Structure formats: C-alpha cells, structure tokens
Amino acid sequence: MQQIPYVLAIAGGTCGGKSTLANRLAEAVKKDRRTLVFHMDDYFKKDPPTTVAPITRKVYVEHNSPDSLELDRLYSDLREAWAEGSPYELVIVEGLFGLYLEPILERADLKVFVDLKSDERLVRRIEKHMASGQTFHQVTDRFLDTVRFRHDELVEPTRWRADMVVNGTLEQNQAVDLLETFLRVQMARRAGESLRATPQEE
C-alpha cells in the first residue's frame, strides 16, 4: 500500500512566526523524513486586487484576503504533493489562511495556530518592510487601515479550528521540539514503523 503524506497546516497573523515555525520544523524533520513546505506568500497574484480601508477610505493593494492568492495553482500543487504515492512523507503548508481555506483544512492531519500579540507583530512588520524600502508611515498606515481588520475578520477566528495554539515568540518556547516529536511519532505510525529515537538521540 502506498503511503499517504502527513499534512501539517499552520496559520496565524502577519509576522506572527508562521514561516519561522514551518522552516524550523522542516529543517529538523527532513534529516530522515522527506519534507516539503508550502508558503502561501509564494502564491500571491502578480496583479493583486485592491481594497478600500473601512475608515480612512484609502485604497491599498490587497494582500490579506484569499482573493489575493492564485488558489487554483496552490490547490493543484498541494494535491500533487499530498496525494497517495507522493514522494513526500510530510507536507507543511503555512500562511494567513492555513486554517481558513476548506480544501487545506479538510486534508490537514494537524492544525496549528501561531499566536502573537498585535503590538509585537506590528513591530516585526515595521522592521521587515522598512528593510525592503517602505517608510515607517507606509507600514503603519497600511496595518492600521486594513491589515488589522482583515486579521480580525479572516485570521483570528480560525484559531478555534486549530488542534494546537503555540506562542509566536519561538526563541523562548519549546513549540518546535514538541511538534517535531509529535510529527515523528505520527509519521512512524502511518508508515507502520516501530517508534525509534530521533537522530539527535541516537
């Protein structure tokens, strides 16, 4: 019987630690498990829609709605990666809408929400986008005008779909180690293997 990949879906707010968690888990597990990571940011439309801020009425390019994603391409790539007989044992998909989009939600074996206070996420966002050339006011205006409202509308409610909520301050908690151990156990069971020590313990 061909093996079916284990699927981990990760969601959370902007600059909350989703990509960091996904990448660290993949780095830890890929030592002995074939792993593939999908970042939803890689599927933004080249010609994204716009949105009107609900209070200031300013117009912004929309990157905080599923409408901004090439969903057909994302779903096609995911179906290929997590199909029975796929070469991968673990498929990780992370993004704002990791627990919002039904095809991902229905297929995920484990659903994780990365939580981080909005003020810390804003600070991270300022640092990230100013490093790429935006001004302080460009970053903060956009966050206050649109991003926080989209978060409350589309992202925050999905935490209740999660099997686990982890702290986005990944430098100060054990979420990666705990999730790595859990994933290894689940993949071993799926493969019909006896549980064995991780590479670090051998």
| task | Please find, within segment 15-25, the residue that is farthest from VAL123 (Cα to Cα) out of those that are out of contact with any His (no Cβ under 8 Å at 6 or more places or on another chain) and assigned to a helix (DSSP H, G or I). | result | LEU25
| Flag if PHE149 is aromatic (Phe, Trp, Tyr) and assigned to a helix (DSSP H, G or I) | yes
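Residue by residue, here is whether (1) touching an Asp or Glu at 6+ places or on another chain (Cβ under 8 Å); (2) under 22 Å from SER118 (Cα atoms); (3) buried (at least 20 other Cβ atoms within 10 Å of the Cβ) holds:
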| position | (1), (2), (3) |
| --- | --- |
| LEU71 | no, no, no |
| ALA83 | no, no, no |
| VAL91 | no, no, yes |
| TYR100 | no, yes, no |
| query | Of all residues in segment 26-82, how many are touching a residue at least 12 places away in the same chain (Cβ under 8 Å), farther than 23 Å from GLU180 by Cβ and part of a loop (DSSP other than H, G, I, E, B)? | reply | 13
| request: Would you point out the residue of segment 25-67, among those that are touching a helix residue (DSSP H, G or I) at 6+ places or on another chain (Cβ under 9 Å) and polar (S, T, N, Q), that is nearest to ALA9 (Cα to Cα)? | output: THR35
| task | Of the numbered conditions (1) modelled with pLDDT of 95 or more; (2) under 21 Å from LEU122 (Cβ atoms); (3) loosely packed, with under 15 Cβ neighbours inside 10 Å, GLY12 fails exactly one; give the number of that condition. | result | (3)
| Which pairs do you get when a residue that is charged (D, E, K, R), found in segment 1-25, comes within reach of a residue that is surrounded by fewer than 24 Cβ atoms within 10 Å (Cβ to Cβ) and modelled with pLDDT under 95, reach meaning Cβ atoms under 6 angstrom, with the pair 6+ apart or on two chains? | ARG24/VAL176
| query | From ASP32, ASP42, which residue is modelled with pLDDT of 95 or more and more than 16 Å from ALA162 (Cβ to Cβ)? | reply | ASP42
| query | Out of the residues in segment 110-158 that are among the polar types (S, T, N, Q) and in contact (Cβ under 8 Å) with a residue 60 or more places away in the chain, which is surrounded by the most Cβ atoms within 10 Å (Cβ to Cβ)? | reply | THR146
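Every residue, every condition in (1) modelled with pLDDT of 95 or more; (2) within 22 Å of LEU25 (Cα to Cα), yes or no:
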residue	(1), (2)
LEU90	yes, yes
LEU99	yes, yes
PRO103	yes, no
ARG107	yes, yes
LEU116	no, yes
PHE136	yes, no
GLU156	yes, no
ARG161	yes, yes
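The values are calculated or read from the model by the stated rules, or taken from the named source; none is laboratory data. Just so we're clear, the structure is a prediction, and the values are computed from it rather than from any experiment. Methodologically, a virtual Cβ is constructed for each residue, glycine included, from the backbone with ideal geometry; neighbour enumeration extends over all protein chains shown.
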